[in-house]
Each structure stands twice: as structure tokens, then as C-alpha cells.
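Structure first, commentary second.
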Amino acid sequence: MRGSPTIGGREGSAPSRRVGLAGLAAEPRIAPRPPWGRLILAGSAVAAAALAAIPLVYLVVRVAGAESGAVADALLRARTAELAINTVGLVLAVAAGCLVLGVGTAWLLARTDLQARRLWIVLAALPLAIPSYVAAFGWVSLTPLRGFWGAFVVLTLCNAPMVTLPTLAALRQADLAQEDVARTLGRSRSRAFLEATWPQVRPAALAGVLLTALYVLSDFGAVALMRFEAFTWAIHAAYTSSFDPTLAAVMAVVLAVMGVALVAAERTMRGRQARFGSMVAARPASAPVRLGRWRMPALAALLAVAGVSLGVPLGSLLRYLGRGSGEGIAVAPLDVAADALTTVGLALAGALVALLLALPIGILAARWPSRLAAGAESASYVGLALPGIVVGLSLVYFSLQAVPALYQSVWILAFAYGVLFLPKAVGAVRASIERVEPGLEDVARTLGEGVAGTWARVTARIAWPGIGAGVLLVALTAMKELPATLLLRPTSTDTLATSLWRLTDISAYAAAAPYALVLTVVAAVPALLLTRDAVTGSTRAEGLQ
Amino acid sequence: MSELQVRKVVAAYDSTPVLHGVSFTVASGTLAAVLGPSGSGKSTLLRVIAGLHRPLEGAIVSDGRVLSGPRVDVAPQHRRIGLVPQDAALFPHLDVRANVAFGLPRQERGGARADEMLALVGLSELADRMPGELSGGQRHRVALARALAPQPDMVLLDEPFSALDASLRGEVRAQVRQVLRRTRTTALLVTHDQDEALSMADQVVVLADGRLEQDGSPADLYERPRSAWLARFVGGAVTLRGTWRAGTVECALGTVPAELGIGQTASDGTTVEIVVRPEHLVLGDVAEAASRPAPGGRVRAMVRHVQYFGHDAVVWLDLPGLEEPVQARVLAGTRVWPDTEVSVGLQRPALAFAVPDSARG
């Protein structure tokens, strides 16, 4: 169903030259019915987008409303510059590391005659199953690595799959005949790859790199455990120790600006990638590159990367789980179970909030694309652009000022989860609704079903499994959330993530290990889904955070 | 079943006009085809009739009941008009029986009606299959059964056979035609395929650019097209320029007998466009033609190329004074070889159309 036609300017073109049936010569125009359903939907989408934008808007209002002197002081002091350099440096270093590691791995897996390719793909994707702070726990508990290099190693190893998987998918779709043509025109193998194949793969790889950069920017757990002074950690410190609201808010705005810029860049890159994909036709796979004497070094490199990225965290888990509690802090299985229950409940509530906000936006975007729908969808990306610590901080201030009853309640925490994971939920709703052909709805209408009945019997029935899976994915992701949870949770409440963080922070590694184990299991589910896609060849870069 | 009237329907998408006042009537129990090139507005017309798109002006009347009109806009679910879409659009989450029963009142969905309809389209044994497990032809028959199950006043078929491969198409067409006849359903078929329209329909409505070009029986349309464009659009046609002289036209075929098309006028000496069906050209031996002059004049032509189809053949002829070759369709057994000379005559009077001033050059 398209928009109701506008009538302006059509008077002249309706031909009355054919004299029609008697009695209908001077027919009045047919008055359009007001589309109430769509108006309500659009209204709900605007409301949902406004709710999702609260953290960003409130933060900006807060900083704009503060004394200009205080803002300038916070912004211009040397410490802010130092933090900015730390964060930007880490983001750049990890992005570069992931690019090299990801593209290299993807090339080996897609283009060479490596044996046991599926096994290597699974191993390359599995680091996604380890939350960065669990990996950091592993490195901190087993090695003396700390500071910048510690954060660099942990974040690079955890995020490399974000580049490997989309690059692998793009390499499989790439038109390799172009590389063959380049070889026949006198290019060496590596030049041919750079000039013919790399341009086809670049958008996918760079979109992955930008997503990685975004995660590094938002990461709190790993940098905090590594004691590396990045923005996120400093915001947390400013909030907890001095409770200097203006300083924390100003730093949060700086971080938010960087996040928004990265998301905008990532969206642009993704659009470019889509254009590329449609251009390239499917071709039979050409012969893989023979590794020859490079086989052993290649295998050794893959094994080493898998070894450190999976082996260190899992090794520390095994070591501390087997040993029991040696530091005097006893963790009863019941404590872990209680925290797990809290975590599941909070995550489900958050997923529900995300779903409620996502439904009007996703349906509108799928069925009635318009500037309004696009605007609502963009507003939902706030959750992707804002680091969890920023959303948490903003909602702390917001609840204190606007609705004190909500401060440190489970409701505001569930709302924070809803905002943070809204992009995933919108994506799931939109894709599921788009998969229902509009023709099916037309047929249902002609068979006597009304608008509401058609949704209930056709659209919702077909879209439901996809939306449900998306909501489950949101819940699983929310279960790992750390920084916003730290700021917003009710005082006596702990989730798996906050307990792990608290215990690791005081070096109670053995006590922390069970939490790390449960969290790894939780994170493994979406990672395995993504891995399955990578093995079978389809791709879905957006998945984990 | 009932009569459908489409009265001066004007419709637009956003602000792009699509239909400019289309009127026709489909008699009760008959099958009408709306034929037009893509972009002619035929799908919009179908959506307007179904109530899925609101017209700006005009009326849709089914058996005296106004469905769309001044201050009237009956919702699609209350129109009693069934739809068989191009891709069948079976509900993927329901099995075949539940698909067919979709439009029945809740208490009848478990009843025998769905099975009756499946028997009617000859698919009883597939009632428990899911749509994904059906072939293309089976899907269309299920879609037809689904549309007919609630006993609608009429059904709309939106290019229902274009997605099928050619070998299957004829068979499914015949089955659908048979079911519609047996249930005496008023039906409107939208298609861009002339063969489909001519072979299936009782009435053909030709639409071009949102305007009705002609409304008549298939034979009317083929034998008495209202314009040279229509003649070319429906079936093969050789069009030539010539000079009109009281019932004859001087052209590349010689001086041939001709009739003016419906509503056409021409005075002696004016340029006209004539249309000749390829099967109306007669080829003959050059020597024989010289001794026995035939009606409709005889000219000589070179055979450029012969396309042999078994039951007949298409011969491409170079006529003196023409750059492009013309086609003649001859029965199998006619002996013609490329690069030989044949005589060309005309079996029936050609149809002549006045050439619009702007095109005269």
C-alpha cells in the first residue's frame, strides 16, 4: 500500500473527452479515508525515537546548562587532552591491529588451499564468545601484561573476528576473474590482489574496522582491568570518586561525539558495501592459491593467534576453577546462581523494553519508508554510538533530576539496556517484517480479513520467529553489559558482570572464575550463531557488542 | 456471479497519474482480459477494483452495488472480490488446506469446503503439504482455490501465469479456464501476453498509457483493431505507407484492396498506413503469377530468410522500395528458398488508417 495520492495539479490531465456512462459525468472526487493506523504507528515511532534519544539529549542539555567556565575548565585541562590521546591512540592501534589480523586471516581462509578450513573458521570466530573483560581477567590473572599494551592485546584479539568474518564473506563473493585479468595484464600476485580484489573487499573490511573502533571506544571492562586511563575509565572514576558531575558529563559528551562520528562513518561504508555487492555476479570459485613452503608458517600463525586469544582466557578459567578459592574470599555456587538469576531477569526486562521501542520504528521503516521513518531509525542508533558508560551516566543524572523515584531502580537499568540494544532490536523487527511480502497482506484483505486481522493472522505470524530470535539475542547481549550496569544498578544488586568486575578488581581471581565461565557460556550463543553463518557463507556483521 | 462496471476511473500513485478515466463492463460469468504493455496502468486498475488502491475519481460497481464512488469506499475485505496474484502469494506458514480455508468464516474453516475447492482444482492429495513443497503450477491452482473458496462475486487474476515456464503455462491456463467456467465465475485477467488474452478471454480490454484503447471480443480485436498501434500490439502485423484511392491503396505490394479502420476517414490521394497480417500474404511461383493475375495485385520479392517452425514458417521478404524486410507466414509445405524470387499477393483487403499530421513528415 502506497501513500494516499495527492490531488494537486491534476485537474487538467483527467480526460473528460470520452463521454462516459450517463449520470456520472460530474462525479465529485473520492475523499480519502484518514489512515488512522498509520498515524498511530508514526506517532509511536516518534515517541520511541524520543525516548531512545533521552541519554544523548539530556547529556547535551546538561553540559549546555552548566556554567560555561566549568565546561571550559573541564574541556581544556591537560588531563582531558591526555585521556583523549590515550583513547584515540588505543582505538587507532586496535583498529590497525584488527585490520591486519582480520584481513590476513580472512585471506588465508578464503583463498588458499589450507586444510580443515571449517575448523579454522570456527577458531577464528570464537574469540567473539569471550567478553573483553573476561579476556582481560584471563590476561591479568595469568600474565604481568598491563596498561596500553595489555588493553591493545586483549581488545585486538577479541575484536579481530569483527573484521575477519565480513572480509571472509566479501572475499567469497568477490569477482576473482578481475584478479586473473590483472595477472594477464602483467601484475604480480600481490599487486593483482591489491588492485583488483582488495577494492571489492575494502568496504566490508573497513566497516568491520569501524565497528571495532566503536567497541574499543566504548569498552570499559578491559581498559579498567588493565588500568589503562582511557575516557571510559576516567568517566567512571570521576563519577565514583569525586562525583564531579560537570567533569564527567563533559568527558561523556566528548566520547559521545567520537561515537556518533564512528557510527556515521560505519553506516556510509556499509552503504558502499551494499552497492558493491549488487554489482558482482556469482561465479564459480577459481583455483585456491597454493601455499607451498608457506604452509607451515601460515598454520603456525593461525595456531598462535587462536592459542593466545582462546587459550589465555580459557587457561586461566581452568586454572582458577580447578584450584578453588585460595584468597580467602569464598564464592558459593548459590551466590553465582543468584547473580545469574538477577542477570537473566534484568536482561529480559531490557530486551522487552528494546522490543517495545523497536516495534513501531521497525514496522514503519519496513512498510512505509519515509523521511520520518528514516529519522526514527537514525535516532535508534544512539544506542550503538553511545558507550554504555555514557548512557549510564546520562541516565543517572536524568533520573536524579527528572524522576528521582527511578534512580538506581531496576526500571532505569532496564531502560538503559533497551536504549543500548535498540539498534539490534530495530534491525530484527525490520528484517522480519520486510521478509513478509506485502502481496500476502493484499490477498488476506481480499479474503475478508481487516487490517488488524491481517496483522494477526499473516504478518505477525510470519515475522514472529525472527523478531523473537532478535529479542533473545538482545537479552543475551544485555546479560554481559558492564559499565551502565555498574552505574545504574540498585545498590544491593549484582549481575554476573558486576560481580566478575568487583572480584577481579581486588585480584580475587579464583572467586571471579565461576562468573567468567558463566558469562563465556552466555556470550557463546550469539557467537556460535555468527560462526554458523560464517561457515555456511552468509554474513551478518552486526551481532555482538 | 455478477456483472462488474468500471466507470471513468482516474487513479494516481503519489502524484503520478496512472489511469485517465477508464470505463468498461464485464458481463456476469465471463472472463475479461485487461491487456496492455508494462506501465500501461493495468495492475493499478486491478488494485483499484480490489479496493487496495483508492481512485481519485470514477466508480466501481459490482451487480448494482457501488464499491468505490462518490463518498463510498468499501474496504477490500467487504468487497467479495477474490485475488490471485502474480506469484500466487500463498501464506508460507499455513499448509495448503489452511491456505484455502483462510477466507472462510471461522466456524467453517475446519469443514469440507476447503477440500471441495481442492478437489475442484484437482489437488486433493496435496492438502497437507506446505506451500514451499509445491510446484509453480500447483501453487497457482491453490491460489485460485483460495480465492474461490469464500464464493466471491468475482476474481481478479494478476498476470498469474507469467512466472511459469512456457511448457507449463498452457496447461495451467486451460485448467484455470475450466475451473472458472465450471463455477461460472466472473473474472478479470490482467496480462501483457496477447496470446493469453486472445486464447482465454471472452472480452479483451486493451489499455495503453492509462487509457482504454479498445474493448471487444478477441476476434474483433485481431480483425478490426482501432489503430495501427493496436494491430501491431495484438499479433504480428506488416505496416506499410501508401496512397489511398477509393478502396485501394498504392504501396510496396502494388495496388491492393483496402478498408478503412473503424472511425477512420481518408480522401483520395492522402497518405495512409496499411496493416496486413503476415498470414494474409500469399506467396507464389513467379512464372505462374505472370500467367494468372490474382486479386490484390502481385509484386515480386526476394526471399531473404526463412524461419521454419514445423506447422508453419515465417518468410522474410525484401520488397522493392523498402529497406526493412516484411514477414509472411505460410503453411508448412510451401516451397520457398532463400535468395529466390517469389510473387507476393494479398488474400484479404488490408486495413487502412489515416496518418496523423504530426507523423507525416
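For the reader, a short list of remarks on this structure follows.
- Only a single criterion out of (1) within 14 Å of chain B (Cβ to nearest Cβ); (2) of a type in the set (Val, Ile, Thr); (3) outside any helix (DSSP H, G or I) is not satisfied by residue A:462, namely (3).
- Among the candidates B:62, B:2, the residue that is more than 10 Å from chain A (Cβ to nearest Cβ) and at pLDDT below 90 is uniquely B:2.
- Matching entry among A:515, A:509 (being more than 25 Å from residue A:414 (Cβ to Cβ), aromatic (Phe, Trp, Tyr), modelled with pLDDT of 80 or more and surrounded by 19 or more Cβ atoms within 10 Å (Cβ to Cβ)): A:509
Listed here are the residues, each with its yes/no results for (1) part of a helix (DSSP H, G or I); (2) over 20 Å from residue B:59 (Cα atoms); (3) at pLDDT below 85.
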site: A:6; (1), (2), (3): no, no, yes
site: A:9; (1), (2), (3): no, yes, yes
site: A:46; (1), (2), (3): yes, yes, no
site: A:81; (1), (2), (3): yes, yes, no
site: A:104; (1), (2), (3): yes, yes, no
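- In the condition set (1) modelled with pLDDT of 85 or more; (2) under 25 Å from residue B:235 (Cα atoms); (3) not in a strand (DSSP E or B); (4) not basic (Lys, Arg), residue B:317 is compliant with all but (3).
- Test: residue in the stretch B:147-154 that is among the polar types (S, T, N, Q) and closer than 27 Å to residue B:63 by Cα: yes
- Residue B:17 fulfils the conditions (1) within 14 Å of chain A (Cβ to nearest Cβ); (2) surrounded by fewer than 22 Cβ atoms within 10 Å (Cβ to Cβ); (3) in a loop (DSSP other than H, G, I, E, B) except for a single criterion, (3).
- Considering the stretch B:20-29, and only residues there that are among the polar types (S, T, N, Q) and surrounded by fewer than 18 Cβ atoms within 10 Å (Cβ to Cβ), the residue that is nearest to the other protein chains (Cβ to nearest Cβ) turns out to be B:25.
- Qualifying residue in the stretch B:30-44 (condition: at the interface with chain A (Cβ under 7 Å from one of its Cβ atoms) and either closer than 19 Å to residue B:82 by Cα or surrounded by fewer than 24 Cβ atoms within 10 Å (Cβ to Cβ) (or both)): no
- 2 or more residues in the same structural domain as residue A:104 (by TED's automatic domain parsing) and modelled with pLDDT of 85 or more: qualifying helices (runs of 4 or more DSSP H) within the stretch A:284-384: A:295-306, A:312-323
- Filtered by the rule that a residue be more than 14 Å from residue B:220 (Cβ to Cβ) and touching a residue at least 12 places away in the same chain (Cβ under 8 Å), the stretch B:195-206 gives B:196, B:199, B:200.
- Conditions (1) over 20 Å from residue A:493 (Cα atoms); (2) touching a residue at least 60 places away in the same chain (Cβ under 8 Å); (3) more than 14 Å from chain B (Cβ to nearest Cβ); number of the one not met by residue A:347: (1)
- The listed residue being more than 17 Å from the chain's Cα centre (by Cα), under 30 Å from residue B:156 (Cβ atoms) and at pLDDT 90 or above, out of A:451, A:458, A:436: A:458
One line per residue, one yes/no per condition, for (1) in contact (Cβ under 8 Å) with a residue 40 or more places away in the chain; (2) farther than 17 Å from residue A:309 by Cα; (3) surrounded by fewer than 24 Cβ atoms within 10 Å (Cβ to Cβ):
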{"residue": "A:142", "(1), (2), (3)": "yes, no, yes"}
{"residue": "A:147", "(1), (2), (3)": "yes, yes, yes"}
{"residue": "A:151", "(1), (2), (3)": "yes, no, no"}
{"residue": "A:160", "(1), (2), (3)": "yes, no, no"}
{"residue": "A:168", "(1), (2), (3)": "yes, yes, no"}
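- Scanning the stretch B:122-179 for residues that are over 23 Å from residue B:108 (Cα atoms) and in contact (Cβ under 8 Å) with a residue 60 or more places away in the chain, we see that the one that is farthest from the other protein chains (Cβ to nearest Cβ) is B:177.
- Annotation note: of B:19, B:52, the sole residue that is modelled with pLDDT of 90 or more and assigned by TED's automatic domain parsing to the domain that holds residue B:182 is B:19.
- Enumeration of residues in the stretch A:460-497 that are of a type outside the set (A, V, I, L, M) and touching a residue at least 40 places away in the same chain (Cβ under 8 Å): A:470, A:477, A:480, A:481, A:483, A:485, A:489, A:490, A:491, A:493, A:494, A:495
- The residue of the stretch A:381-414 that is surrounded by the most Cβ atoms within 10 Å (Cβ to Cβ), among those that are under 23 Å from residue A:492 (Cβ atoms) and of a type in the set (Gly, Ala, Ser), is A:392.
The values are calculated or read from the model by the stated rules, or taken from the named source; none is laboratory data. For clarity, every value in this text was computed on a predicted model and none was experimentally measured. Note that each Cβ is placed from the backbone with ideal geometry, even for glycine, and that neighbours are counted across all protein chains shown.
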